[in-house]
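These notes are about the structure you will find just below.
The values are calculated or read from the model by the stated rules, or taken from the named source; none is laboratory data. No experiment lies behind these values; they were computed from the predicted model shown. No Cβ is skipped: glycine too gets one built from the backbone with ideal geometry, and neighbour counts run over all protein chains shown.
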Amino acid sequence: MSDFKPRPGTFLPLMEAEQQRAKANVSPLTLLEILSQRESLSLPLFELQAQSGMEPSRYSEALKNLRSAGYIEIVGDPLDQMVRLTKNGSEVARLARPA
């Protein structure tokens, strides 16, 4: 086993950089994948954002694009809106999964 010990104060910046790289890899397809893994194929609007880790403006743009493409629908009252995967969205999520 190695005797490697990180310098004090170096671990937090490393973890922050890793989180930024992970967020950069999040795409609209990630939202479809999250929804497709739910039994109900839906999630509350803000819970989906939290699970995706997307920044609010990027999340809003992704929802707009997915909705206009017919892959999701947003239903419910403004304070309780749910994002629901459509049949086409389910198919896209299935096709986007690695073989």
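From the list GLU73, GLU61, GLU91, the lone residue that is without any contact (Cβ under 8 Å) to a residue 40 or more places away in the chain, in a strand (DSSP E or B) and surrounded by 13 or more Cβ atoms within 10 Å (Cβ to Cβ) is GLU73.
Are any residues in the stretch 74-99 of a type in the set (D, E, K, R), within 19 Å of TYR59 (Cα to Cα) and within 17 Å of the chain's Cα centre (by Cα), and if so, which ones? The one that is of a type in the set (D, E, K, R), within 19 Å of TYR59 (Cα to Cα) and within 17 Å of the chain's Cα centre (by Cα): ARG84. Each residue in the stretch 72-91 was checked for being within 13 Å of LEU29 (Cα to Cα) and in contact with a Leu (Cβ under 6 Å, 6 or more places away or on another chain), and 3 of them qualify. Applying the criterion of being in contact with a Lys or Arg (Cβ under 8 Å, 6 or more places away or on another chain) and not in a strand (DSSP E or B) to the residues of the stretch 41-58, the residue that is surrounded by the most Cβ atoms within 10 Å (Cβ to Cβ) is MET54.
Filtered by the rule that a residue be loosely packed, with under 13 Cβ neighbours inside 10 Å and charged (D, E, K, R), the stretch 76-88 gives ASP77, ASP80, LYS87. Every condition in (1) surrounded by 11 or more Cβ atoms within 10 Å (Cβ to Cβ); (2) at pLDDT below 95 is met by ASP3 except one, and the failing one is (1).
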